[in-house]
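These notes are about the structure you will find just below.
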Amino acid sequence: MTALGIAQIVIFFLIVLAITKPVGVFMTRVFEGQRTFLHAILRPLERLIYRLGGIREDEEQSWTRYAASVISISVFSLLATYALQRLQGWLPFNPQHFSTPQAPQNATPMTPDLAFQTAVSFMTNTNWQSYVPETTMSYFVQMAALAVQNFISAAVGIAVAVALIRGFARHSAKAIGNLWVDVTRCTVYIFLPISVLAALFFVWQGSIQNFKPYETVQTLEGSTQVIAQGPLASQLAIKMLGTNGGGFTNANSSHPYENPTPLSNLIQMVLIFCLGAGLTYMFGKMVGDTRQGWALFAAMGVMFLAGAFICYWAEQAGNPTIASLGVERSYTGTQPGGNMEGKEVRFGNPMTALFATVTTDASCGAVIGMHDSFTPIGGLIPLFNIQTDEVIFGGVGAGLYSMLIYAVIAVFIGGLMVGRTPEYVGKKIEQKEVKMAIIAVLATAFCILVFTGISSVIPFAKDSYWNGPGPATANTNNAGPHGFAEILYAYTSGAGNNGSAFAGINANTPWYALTMGIDMLIARFFFIIPALAIAGSLAAKKLVPVTSGTLPTNNSLFVILLIGTVVIVGALTYFPALSLGPIVEHFQMLNGKVF
Amino acid sequence: MIKELGTGLRLTIIMTVLTGLIYPGAMTALCQLIFPSQANGSMITANGKVVGSAIIAQSFTRPEYFHPRPSAAGNGYDAGASSGSNLGPTSQKLIDRVKGSVADFHKENPGFTGNLPADSVTTSSSGLDPHISPASAEAQLARVAQARGVGPEQIRSLMAAHSQDPDLGFLGEPRVNVLTLNIALDERFPKK
């Protein structure tokens, strides 16, 4: 590891630390309905949406109605995204003529299963992509279907987190807010203004934003090159800010148009973390003790730094088998060394490892390097980050509500240890909350492990509709433990609503489309609905006064307990699966074994 | 529940129009106005003809040009289907491919000794990496200079003009832009 590499990680973390409070204060004002400096310009837009949508700004919802609203907008989102994809041949802004008879030869057909998988994927904020966007999706679908879901699914995630915070902050209350109002405010005051600025910044750095057909050029040596175009920057901005992560291009944020410079990459990473970090402060502020928020931030920060440095170390250490072919393994100042397969020169090892950690700490899933080509330990970090439910700043909203669910489990365990009824920020944590928290954690584990298990052993008949003939493991691009890791990563990414991939796997078959679709749906809604149930239950409770017997949850002891809970629950659940994949592969790589 | 359904439908439509049409449309207009070159792909010309994008790699195989990194996009440098190799560290295919690239590199640059720069024989994440490391450029310098019949020192100064340090001094890595360097080579030291 070099000083420059370490500096990139540390400085990035300091930036996140510095913006947490201002972002948190701003978000609190937005969701409490107070005036901000943007209201002078944007308040009319907010009111217009209420009028057109038939939304009553002053009306509040019980947790069941809030949950019903989440399901309602999700169902219509799913239908709209599916329909627009299937109809793209008849819709405008399709200069490459996808889904028409004039489609280019390398175009991917928009089959019902692909459209279903993609619609679920974007609606659940996963953004797993089984297709190459440049050869599959028209500009219209990218904008009016996929990018719209980048906004809606992210706004719903934040709304759920806000509702859960209200559950802790309110007492003896029936309602936890209004989903429609929360989604509207989030979009109008947070997503749109930041996206506009970020998109302008990315175009300045070199990203594209146009509606023209793909450019065909004669290269300097006289061959022909087709260069994909499109309205990329507008989608890129919300893809990062909403921690969606679905690339406008197949290479995602490693494509030079989708991440032209290391500076644009720094901004992309800040966009991923800024709202998740701000929410920790908002939590503390709304429950009346900002130290509660900083305790969550501290637990997240420690786990983030640990992951980033382990990943950086592993990638910089590189692959001894490749080094033995006469390739430089150490950093020399004029070349990056380490494991450069699947990485870009402008980013190098430290920045790519940092991004991989950030994108999986949060449920973003954008990539600037191919995780499939990472060293085994370098690839283990993203896997483990997702498997522990992305609680490290996390997906917008999803990170905070997942972390709060772990906090409920942590105080429950703490309460058992000291023999007292657990409490968290002034609320008694009782049977119902703990049950709901366990449902949420188990749903993810169930999806990942059961689907990975089935896909590792299931065979298909010769002319099966569901998959190519033979075992489903044949869809992987690598053999041996790495092939298993590709399957494990796919279902992990789906269940974590992450969307990054060990992308060598071909998941564009009806079998993977269906199982990953179910995987993403269960993981999204079996987390959101229990979280809202906890919110409703907590909001109705009375505040318990702090006594000498209360386990404090705003000090370093609690931070350690919380980290311990996350790591132990994760490790106990996934250690066997990880052993069969990256851990055994690590030792095989050190021994020069290949498959 | 009926009420929730109605609002859900209406808000989905409103969001589609606002964030799916108005927002990207307005951004396109704005970017075309303020940053037309970047917004249209940073296309670059040589001898009055558009030859590619300044930030997208293209194939180079002739000795008088600097060569980009190997590419796994389509059949190589396919800017309509970006992609990495997605080969893992214990993949036989990966090791065989790197072995082949190492042999090719030594054949093309017979004067080169020592370990190859790590970026020179690995495929990038996008398959369109426009850059190579300074060491990788240096390793090809003798071949390019010889093919163009000029001294390495003259080319080295041009190389420096097309190199970049890490952004803000600490972000990312030093790098050399292959396409812009090659265009400049053709202008300054045309092959006789």
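Measuring nothing but alpha carbons in region B:43-188 and taking Rh as the Kirkwood radius, the Rg to Rh ratio lands at 0.96.
Which of the residues in region B:147-174 show a loss of at least 40 Å² in accessible area from their chain by itself to the complete set of protein chains, at a probe of 1.4 Å? Checking the loss per residue gives B:D167, B:F170, B:L171, B:G172, B:E173. Once the Kirkwood radius over Cα pairs is known for region B:7-112, the Stokes-Einstein relation at 4 °C and 1.567 mPa s delivers a diffusion coefficient of 71 µm²/s. Couplings for region A:544-549, taken from phi via the Karplus curve 6.51 cos²θ - 1.76 cosθ + 1.60 with θ = phi - 60°, read 9, x, 6, 10, 5, x Hz in order; Gly and Pro are left as x. About its Cα centre, region B:43-188 has a charge dipole of approximately 320 debye under the convention of +1 per Lys or Arg Cβ and -1 per Asp or Glu Cβ, with nothing else charged.
Percent relative contact order of region B:43-188, based on C-alpha pairs within less than 8 angstrom and at least six residues apart? Don't jump to the answer; show the numbers that get you there.
Numbers: 213 pairs, mean separation 39.7, N = 146.
Computed value for region B:43-188: 27 percent relative contact order.
Rolling a 1.4 angstrom probe over the protein heavy atoms with all chains in place gives region A:1-145 an accessible area of 43 Å² per residue. For region A:1-134, a crude dipole built from +1 on the beta carbon of Lys and Arg and -1 on the beta carbon of Asp and Glu, taken about the Cα centre, is about 280 debye to the nearest 20.
Interface burial in region A:289-322, defined as at least 30 Å² less accessible area with all protein chains than with the chain alone at a 1.4 Å probe, covers A:N319, A:I322. Other residues whose C-beta falls under 15 angstrom from the C-beta of A:E341 contribute a net charge of -2, scoring Lys and Arg +1 and Asp and Glu -1.
For the residue pairs A:K212/B:K191; A:K21/A:K239; A:K21/A:K427; B:K49/B:K191; A:K174/A:K285, alpha carbon separations beyond 28 Å are given by A:K212/B:K191. Counting only alpha carbon atoms, the long axis of helix B:178-188 and the longest principal axis of chain B meet at about 50°.
Can you give the net charge of the other residues whose Cβ lies under 11 Å from the Cβ of B:T61, counting K and R as +1 and D and E as -1? Numbers along the way, then the final one.
Numbers: positive: B:R62; negative: A:E221, B:E64, B:D104, B:E108.
Counting the neighbours of B:T61, the net charge comes to -3.
In percent, how large is the relative contact order of chain A, given Cα pairs closer than 8 Å and 6 or more residues apart? Walk me through the intermediate numbers first.
Numbers: 1107 pairs, mean separation 112.0, N = 595.
It comes to 19 percent, rounded to a whole number.
Excluding same-chain neighbours fewer than eight residues apart, the aspartates and glutamates reachable from A:K542 by a Cα-Cα span under 14 Å are A:E423, A:E430. Quick one: angle between helix B:2-17 and the longest Cα principal axis of chain B, in degrees between 0 and 90, rounded to 10, please. Taking the Cα atoms of chain B, the angle to B:2-17 is about 40 degrees. Compare the Cα positions of A:A479, A:L305, A:G414 along the charge dipole of chain A (+1 at Cβ of Lys, Arg; -1 at Cβ of Asp, Glu; about the Cα centre) and return the one farthest towards the positive end. Positive-most Cα among the choices belongs to A:G414. Derived value for region B:63-115: Kirkwood hydrodynamic radius 12.9 Å. Basis is the mean of 1/r over every pair of different alpha-carbon atoms. All other residues whose Cβ lies under 13 angstrom from that of A:I448 are scored, Lys and Arg at +1 and Asp and Glu at -1, for a net of -3. Taking the charge dipole of the protein assembly as shown about its Cα centre, with +1 at Lys and Arg Cβ atoms and -1 at Asp and Glu Cβ atoms, the residue from B:P70, A:F12, A:V457 reaching farthest to the positive side is A:F12.
For region B:1-40, what is the accessible area per residue in Å², given a 1.4 Å probe and the full set of protein chains?
Numbers: 1890 Å² over 40 residues.
Accessible area per residue, region B:1-40: 47 Å².
Entry note, chain A: the mean residue ellipticity at 222 nm calculated from DSSP H runs of n ≥ 4, each adding -39500 (n - 2.57), is -19500 deg cm²/dmol after division by the residues and rounding to the nearest 500.
Axis of helix B:134-148 versus longest Cα principal axis of chain B: the two differ by about 60°, to the nearest ten degrees. Rolling a 1.4 angstrom probe over region B:43-188 with all protein chains present gives an accessible area of which 52% lies on carbon and sulfur atoms. Couplings for region B:23-31, taken from phi via the Karplus curve 6.51 cos²θ - 1.76 cosθ + 1.60 with θ = phi - 60°, read 4, x, x, 5, 5, 4, 4, 5, 5 Hz in order; Gly and Pro are left as x.
Of the DSSP H helices in chain A, those with a Cα length along their own long axis of 24 Å or more and a mean Kyte-Doolittle hydropathy reaching 1.0 comprise A:3-31, A:148-169, A:262-286, A:398-418, A:431-457, A:510-540, A:556-578. Temperature 4 °C, viscosity 1.567 mPa s: under these conditions the Stokes-Einstein estimate for chain A, based on its Kirkwood radius over C-alpha pairs, is 53 µm² per second. All C-alpha pair distances within region B:1-40, sorted into 5 Å bins from zero, spread as 6, 23, 16, 13, 12, 9, 8, 6, 5, 2, 0 percent across the bins. Charged side chains reduced to their Cβ positions (Lys and Arg at +1, Asp and Glu at -1) give the protein assembly as shown a dipole of some 1460 debye around its Cα centre.
The values are calculated or read from the model by the stated rules, or taken from the named source; none is laboratory data. Since we're looking at a predicted model, the values are computed, not measured. Cβ atoms come from the backbone with ideal geometry, glycine included; neighbour counts cover every protein chain shown. For the accessible areas, the whole protein counts, side chains as well, though only heavy atoms, and no ligand, DNA or RNA atoms are used. Shrake-Rupley method; radii C 1.70, N 1.55, O 1.52, S 1.80 Å.
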